[in-house]
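The values are calculated or read from the model by the stated rules, or taken from the named source; none is laboratory data. Nothing here was measured: the structure is a model prediction, and the numbers come from that model. Quick reminder, even Gly has a Cβ in these numbers, built from the backbone with ideal geometry, and neighbours come from all protein chains shown. For the accessible areas, the whole protein counts, side chains as well, though only heavy atoms, and no ligand, DNA or RNA atoms are used. Shrake-Rupley method; radii C 1.70, N 1.55, O 1.52, S 1.80 Å.
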Amino acid sequence: MLDNLQILLSQPVFNLQLLLNGLSVGAVFALIAYGLGLVWGVTAIKNLAQGDLVMLGGFLSFELAQHGVHPIVSLAPVCAIMFGFGWILYKLVIRRVIQLDLFTSLLATFGLAITLQQALNLIFGPEVRTVSSGFGRLELAGGMVDITEIRLIGFGLCVLLAAGMVIFMKTSRIGQAIRATAQDPRAARVLGVDADLVYALTFSINAAICGAAGTLIAMIWVIQPFYGIAYSVRAFVIVTAAGLGNLPGVILAALGLGVLEQYSGFVFGAQFQQATIVGLLLAILIWRQLALLRHRKALQ
């Protein structure tokens with residue numbers, strides 16, 4: 001560990017490498033976390049299957065690639081398929097637990113996560129997969145820093161998708177209905193908003209977002225049926241740190257988490273990356289609980 005820290009201090013160019021990798025990672029994390037926060041804020045469902053929906057999107061892209069469809073081109077059909085799949089999941093599972101207690105909804109989405117994992121494992125097998133994008137690498141700082149072109153393209157696509165979602169939520173009637181339902185479901189119903197339709201659209205949009213994120217992950221890193229939990233944890237860390245409905249906070253928290261993960265992997269080793277994320281989640285939860293206790297004492 002000390003040797004790795006010494007490398008970072010003596011060779012500042014390595015910091016640039018970790019920063020670029022972290023930002024490209026964080027952009028995809030922001031996409032996943034935005035979808036989780038959207039469902040959480042509108043339906044009050046904490047979707048434990050978020051990462052598994054991401055893996056499903058990645059495997060759909062992998063399957064299309066086997067039939068000659070370039071992964072960038074597959075973004076559109078994967079999002080469309082995932083939108084329809086999200087609609088089906090809502091009608092079969094989420095709709096039945098949306099008005100029930102927190103434990104029931106958590107249990108339902110946890111069962112959904114296990115079902116998706118096992119289905120992907122049976123269909124595609126437990127092997128680690130990746131999708132070749134066909135893009136090369138860029139070298140910076142005289143070849144001491146290099147980054148794959150697909151990471152830069154993925155970063156740009158994440159920005160475009162996030163901007164598109166913001167415009168959609170602010171300008172379209174559906175987006176306005178979703179925002180109104182998130183703010184006050186009862187008032188939205190009084191104004192004629194079909195809450196059930198809004199909930200179905202919200203979950204379906206989230207599934208489509210997960211499909212896009214899974215496609216990017218399949219090109220940039222690897223996919224595997226049981227890797228979804230890692231992305232679910234990351235998304236929960238980001239949303240918990242940023243707060244619901246705080247898109248700038250989600251983006252900053254996601255980019256920060258991506259950079260932190262790269263540094264922790266370099267300093268402590270790749271085996272401690274997940275431990276860093278879980279530790280960060282525990283720290284955020286403890287900090288929020290202490291802040292809540294201080295607030296209660298101030299009101300007494």
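The table below lists the values:
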item	result
Some residue of the range 193-204 being open to solvent by 20 Å² or more (accessible area, probe 1.4 Å), more than 23 Å from residue 51 (Cα to Cα), among the acidic types (Asp, Glu) and in contact (Cβ under 8 Å) with a residue 60 or more places away in the chain	yes
Subset of the range 46-59 [of a type in the set (A, V, I, L, M, F, W, C) and in a helix (DSSP H, G or I)]	53, 54, 55, 56, 59
Flag if residue 201 is touching a helix residue (DSSP H, G or I) at 6+ places or on another chain (Cβ under 8 Å), within 24 Å of residue 106 (Cα to Cα) and modelled with pLDDT of 90 or more	yes
Single residue of 273, 262 found to be part of a helix (DSSP H, G or I), closer than 19 Å to residue 20 by Cα, at pLDDT 75 or above and of a type outside the set (A, V, I, L, M, F, W, C)	262
Residue that is surrounded by fewer than 18 Cβ atoms within 10 Å (Cβ to Cβ) and at negative phi, where the choices are 150, 167	167
Residue selected from the range 131-142 under the condition within 23 Å of residue 56 (Cβ to Cβ) and surrounded by 14 or more Cβ atoms within 10 Å (Cβ to Cβ), by the criterion nearest to the chain's Cα centre (by Cα)	131
From 223, 238, 277, residue being open to solvent by less than 20 Å² (accessible area, probe 1.4 Å), touching a strand residue (DSSP E or B) at 6+ places or on another chain (Cβ under 6 Å) and in contact (Cβ under 8 Å) with a residue 40 or more places away in the chain	223
Helices (runs of 4 or more DSSP H) contained entirely in the range 143-196, each with at least 3 residues that are within 23 Å of residue 22 (Cα to Cα)	149-171
Residue 267 vs. criteria at pLDDT 80 or above and assigned to a helix (DSSP H, G or I)	no
Lone unmet requirement of (1) open to solvent by 60 Å² or more (accessible area, probe 1.4 Å); (2) over 22 Å from the mean Cα position of the chain (by Cα); (3) β-branched (Val, Ile, Thr) for residue 128	(2)
Of all residues in the range 1-37 being open to solvent by less than 50 Å² (accessible area, probe 1.4 Å) and hydroxyl-bearing (Ser, Thr, Tyr), the one that is modelled with the lowest pLDDT	24
Residue 233 vs. criteria open to solvent by 20 Å² or more (accessible area, probe 1.4 Å), farther than 30 Å from residue 136 by Cβ and not in a helix (DSSP H, G or I)	no
The listed residue being within 30 Å of residue 13 (Cβ to Cβ) and in contact (Cβ under 8 Å) with a residue 24 or more places away in the chain, out of 178, 147	147
Looking only at the range 60-113, and only at residues there that are assigned to a helix (DSSP H, G or I) and among the charged types (D, E, K, R), the one that is most open to solvent (accessible area, probe 1.4 Å)	96
